[in-house]
Amino acid sequence: MNIQKSESLYQEALDVIVGGVNSPSRSFRAVGGGAPIFMKKAKGAYFWDEDGNRYIDYLAAFGPIILGHAHPAVHEAIVEASMNGVLYGTPTEKEVRFAQMLREAIPSMEQIRFVNSGTEAVMTTIRLARAYTGRDKILKFAGCYHGHSDLVLVAAGSGPSTLGIPDSAGIPQSIAQEVITIPYNDINALEEALNHWGNQIAAVLVEPLVGNFGIVPPVPGFLEKVNELVHQAGGLVIYDEVITGFRFHYGGIQTIFGVEPDLTALGKIIGGGLPIGAYGGRKEIMDKVAPMGPMYQAGTMAGNPLSISAGMACLQALSKPGLYEELSRKGKRLADAIVKLADEYRLSVTVNQYGGALTVYFTDQPVVDYASAQATDGERFAQFFRLMLEQGIYLAPSKYEAWFITTAHSEQDVDETIRAVDHAFSQMSN
Ligand code: PLP
């Protein structure tokens, strides 16, 4: 495959953009390094790179592009909105209508505030939980990514209920000390942490289905127990639905699991591909937010007409009956085919699939938490990633990411992908 232009653009990028990329997850470091592919355009389920190669896209921009690229309704909404001015700095009717759409779909979000990214949404729910409870500590689950604000870039200490250590340079130890990290799906660790720190914990931050060390669903009863124990201890439950919101049905995954948090953070899909975030929850908690209450949060770009219009068009398209069943069916077809091929080629592969999202891990063990995801074979993944790329299948360049099926992926695209997996596995089994 000729990627000459990507390679030369990468050299130019390295000179002017740090690391050559505007988000580290776009680099190919985790899959052996070298130039990442520079894309030129995208339509439906496909990408075309600067050298003219075509790819079937399973990255979906790390989640938002659930309708495929350049979806006509989203495109029209953006063009139309842009003709009326892109930013007012005043309230608009559309913001109200969009907030009403979100609340109807996710009833636990009694009141809502729009922000500009998932990072902002999560960061603000934490500040709000602290303001509401008057407590400082946060409990999170190891390996779950919640954006890049200081508090959530903290990794586990050495034991289940030890205080965190910074996961990034530039985060003071004093901040890391406010974060307790425990393994996902581990109720004993949660009980232990709450016994120790319960009366100091403002909130537990939960991905109700993990999307950030691959797709890892909660074990039965886990979310219910989190709510019960955290509420008993006087803390709040925050769901980070930045990935899961509108990914698996028209609303939050909280509705599918039948467990409601106190606060929810959204992003990605609800902007139809434009920058957005939103947070919301029980009115009595949201009443703490300025200008109603003492917790400050603001944004020049928040609720801008372009993001709101794109998000509304995206959600309207997603409300089509049967759409999510179709995504799920394709997700399962792909996952089943990959498992079958791995068996045929005697490769150690575990596929975690939920609805239209899946992760292919190179391991013979189940993946239920961060430790089991870390233990999977990264070199095998890198080999698989390259073999798929050469065949025009674009996966996220990390063993910890998901494949996202969009409404634009056709049966033929899935067939082509399965044939590519067959070839990749045949090479890997030699
Ligand atoms: N929360 C989760 C679960 C995410 O996956 C991400 C991004 O990948 C974020 C928060 C941060 O969102 P953003 O990249 O829009 O700031």
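Each reported figure results from applying straightforward, stated rules to the coordinates on display, with no laboratory input. The model shown is predicted, which means the values in this text are computed figures rather than measured ones. When we count neighbours, we look across all protein chains shown, and the Cβ atoms used for this are built from the backbone with ideal geometry, even at glycine.
Annotations
- Difference of contour (0.36 nm per residue) and Cα-Cα distance, H423 to N188: 80.3 nm
- Taking a ≥ b ≥ c as the square roots of the eigenvalues of the Cα gyration tensor, the chain is classed as oblate, since a/c reaches at least 1.5 and a/b does not exceed b/c.
- Size of charge dipole - the range 72-318 - debye, nearest 20, with Cβ of Lys, Arg +1 and Asp, Glu -1, no other charges: 280
- Taking trypsin sites (Lys or Arg not before Pro) across the range 334-430, the ones in a DSSP loop with at most 12 further Cβ atoms lying within 10 angstrom of their Cβ are R346.
- Pairs beyond 23 Å (Cα-Cα), from K5/K399; K225/K399; K268/K320; K268/K330; K268/K399: K5/K399; K225/K399
- The chain: antiparallel DSSP beta bridges as a percent of all, rounded to 5: 60
- Within the chain, helix-based [θ] at 222 nm, where runs of 4 or more DSSP H residues each add -39,500 (n - 2.57), nearest 500: -11500 deg cm²/dmol
- Ranked by how many other Cβ atoms sit within 10 Å of their own Cβ, fewest first, the residues R247, R135 fall in the order R135, R247.
- Listing T119, T376 from fewest to most neighbouring C-beta atoms within 10 Å gives T119, T376.
- Cβ-defined net charge surrounding L323, 14 Å radius [Lys, Arg +1; Asp, Glu -1]: +2
- Two tests apply to each whole DSSP H helix in the chain, Cα reach of 27 Å or more along its axis and mean Kyte-Doolittle hydropathy of at least -1.0, and the ones passing both are 323-344.
- Positive minus negative residues near N227 (Lys, Arg vs Asp, Glu; Cβ under 11 Å): -3
- Computed over the chain, relative contact order equals 21 percent, with contacts defined as Cα pairs under 8 Å that lie 6+ residues apart.
- Shape call, the range 218-296: gyration tensor on alpha carbons, a/c limit 1.5: oblate
- Counting every other Cβ atom within 10 Å of each residue's Cβ, C314, C144 order from fewest to most as C144, C314.
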